[in-house]
Amino acid sequence: LTAADISYKCLGNLQYEITLKIYAQCSGITPPNSASINITGSGTCAGVSNVTTLNNISSSEVPIYCAAAPSDCNGGTLPGYREYIYKGTYTFPAQATGCTWTIAYNTCCRQPSITNIPSPSSNSLYVDAKLVDAGVCKNSPTFGNLPLFMTCANDQYNITHATVDPDGGSLVYSLI
């Protein structure tokens with residue numbers, strides 16, 4: 001697996017729709033039909049932990065921006081990637097108010113073709129989202145654009161994540 005993104009949307013009454021997006025190279029590891037999400041409380045909810053299952057609802061090829069030939073998703077030779085979308089609904093416990101929750105996905109292993117991680121096929125993929133006070137109906141920010149996995153040599157491309165916070169909060173980016 002190459003990358004992942006996790007987000008949540010408030011449905012009301014402590015119920016949230018959780019969305020997980022997994023990105024995988026077409027010639028690599030095939031993502032599962034469902035994904036287990038760990039939901040862990042901290043602060044006044046420390047020690048509260050649950051697992052919920054998200055079901056795969058769709059998959060589609062991520063476009064290659066300079067491709068003159070099809071990717072390996074369609075019988076070509078260029079590396080291609082697919083986006084797998086998983087969704088599910090989770091109802092937080094009544095004591096969720098005032099707590100900080102971590103909504104996390106963790107799986108082994110990474111795509112063997114990754115070159116910037118030592119031994120990628122023996123390293124896990126981890127992604128999480130924080131939810132502060134599930135009793136106050138909030139939504140996580142979401143990325144508006146698909147991730148860019150490949151551009152062609154000598155092509156200029158400006159990357160924008162087009163991140164949106166539906167609740168109007170401020171967004172801060174950091175390179176690490």
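The values are calculated or read from the model by the stated rules, or taken from the named source; none is laboratory data. For clarity, every value in this text was computed on a predicted model and none was experimentally measured. Reconstructed Cβ throughout: ideal geometry from the backbone, glycine too, with neighbour counts over all protein chains shown. Just so you know, the surface numbers come from the protein's heavy atoms only, side chains and all, with ligands and any DNA or RNA stripped out. Shrake-Rupley method; radii C 1.70, N 1.55, O 1.52, S 1.80 Å.
List the number of the failed condition for SER140; all other conditions in (1) open to solvent by less than 30 Å² (accessible area, probe 1.4 Å); (2) under 22 Å from ILE29 (Cβ atoms) hold. The failed condition is (2).
Evaluating GLU61 against the criteria (1) charged (D, E, K, R); (2) open to solvent by 50 Å² or more (accessible area, probe 1.4 Å); (3) out of contact with any Cys (no Cβ under 6 Å at 6 or more places or on another chain) leaves one unmet condition, (3). The number of residues in segment 47-104 being in contact (Cβ under 8 Å) with a residue 40 or more places away in the chain, closer than 17 Å to TYR16 by Cα and part of a strand (DSSP E or B) comes to 13.
Could we say that CYS152 is open to solvent by less than 40 Å² (accessible area, probe 1.4 Å) and either touching an Asp or Glu at 6+ places or on another chain (Cβ under 6 Å) or on the phi < 0 side of the Ramachandran plot (or both) here?
Criteria not met by CYS152.
Selection of segment 3-36 for residues being polar (S, T, N, Q), open to solvent by less than 60 Å² (accessible area, probe 1.4 Å) and under 16 Å from THR53 (Cβ atoms) yields THR19, SER34.
Please work out if SER113 is in contact (Cβ under 8 Å) with a residue 24 or more places away in the chain, open to solvent by 60 Å² or more (accessible area, probe 1.4 Å) and farther than 22 Å from VAL51 by Cβ. Please lay out each step first, then the result.
Numbers: in contact (Cβ under 8 Å) with a residue 24 or more places away in the chain: yes; open to solvent by 60 Å² or more (accessible area, probe 1.4 Å): yes; farther than 22 Å from VAL51 by Cβ: yes.
Yes, satisfied.
Select, from THR40, THR44, the only residue that is at pLDDT 90 or above, outside any loop (DSSP other than H, G, I, E, B) and either under 22 Å from TYR8 (Cβ atoms) or among the aromatic types (Phe, Trp, Tyr) (or both). From the options THR40, THR44, the qualifying one is THR40.
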